[in-house]
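Here the structure is laid out as structure tokens; the discussion comes afterwards.
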């Protein structure tokens with residue numbers, strides 16, 4: 001099994017052509033967004049916060065990641081999120097549908113197959129599934145350890161009205 005550090009080391013060998021197609025808007029950690037707000041590269045048309053889970057969804061005018069530079073590199077590369085950014089393009093995790101590891105462009109059929117594989121959890125490698133589950137567990141543990149400020153609402157199902 002490869003560590004995240006190893007996946008970073010292997011990223012340079014993925015055949016990435018820096019097309020930026022994988023850099024779409026996604027849900028990001030609120031702390032990451034707040035600490036790198038000055039690195040925004042795009043016009044933000046909507047910022048939706050999810051304070052209970054410490055996440056924010058940033059929609060940009062062009063649908064690209066808010067941190068994508070004009071040369072299709074990342075403005076926050078050293079601090080980019082593990083999933084999907086650090087693992088994208090590494091075949092054992094999230095394979096790039098556009099470019100093969102040797103740098104050749106894929107056929108439309110290969111592209112469609114890889115997009116389907118990346119989108120379907122049942123087709124993920126055991127290694128990637130474990131990585132996602134480990135990261136989700138760590139994230140949930142951190143959320144549970146957070147001190148709740150006075151008056152924070154904890155969502156729970158309330159009484160259900162039944163009509164007879």
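For the range 24-67, what does the alpha-carbon gyration tensor say about shape, rounded, prolate or oblate, given a ≥ b ≥ c as the root eigenvalues, a/c under 1.5 as rounded, and a/b over b/c as prolate?
Numbers: a/c = 2.15, a/b = 1.41, b/c = 1.53.
Cα axes put the range 24-67 in the oblate bin.
Ranking 88, 57 by Cβ neighbours within 10 Å, fewest first, what do you get? Working shown, then result.
Working: 88 19, 57 14.
Taking fewest neighbouring Cβ atoms as first place, the list is 57, 88.
Please order 86, 18 by the number of other Cβ within 10 Å, starting at the fewest. Kindly include the intermediate steps, with their values, before the conclusion.
Values: 86 18, 18 12.
So the residues, fewest neighbours to most, are 18, 86.
Gain in length, residue 141 to residue 111, computed as 0.36 nm per residue apart minus the alpha-carbon separation, to one decimal in nm?
Working: separation 30, 0.36 × 30 = 10.80 nm, distance 3.62 nm.
That pair, residue 141 and residue 111, stretches by 7.2 nm at full extension.
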Give the span of the range 1-140's Cα atoms along each principal axis, as three whole-Å numbers ordered largest to smallest.
-> 36, 34, 26
Taking every C-alpha to C-alpha distance in the range 54-100 and binning by 5 Å from 0, the per-bin percentages run 5, 17, 21, 28, 21, 7, 1, 0
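Sort 105, 69 so the one with the fewest other Cβ atoms within 10 Å of its own Cβ comes first. Please report the intermediate quantities before stating the final value.
Details: 105 12, 69 17.
Taking fewest neighbouring Cβ atoms as first place, the list is 105, 69.
Only the coordinates and a few stated rules stand behind these numbers; no lab work does. A quick note: this is a predicted structure, and the numbers were derived from the prediction, not measured. For neighbour counting, all protein chains shown are included, and Cβ atoms are generated from backbone atoms with ideal geometry for every residue, glycine included.
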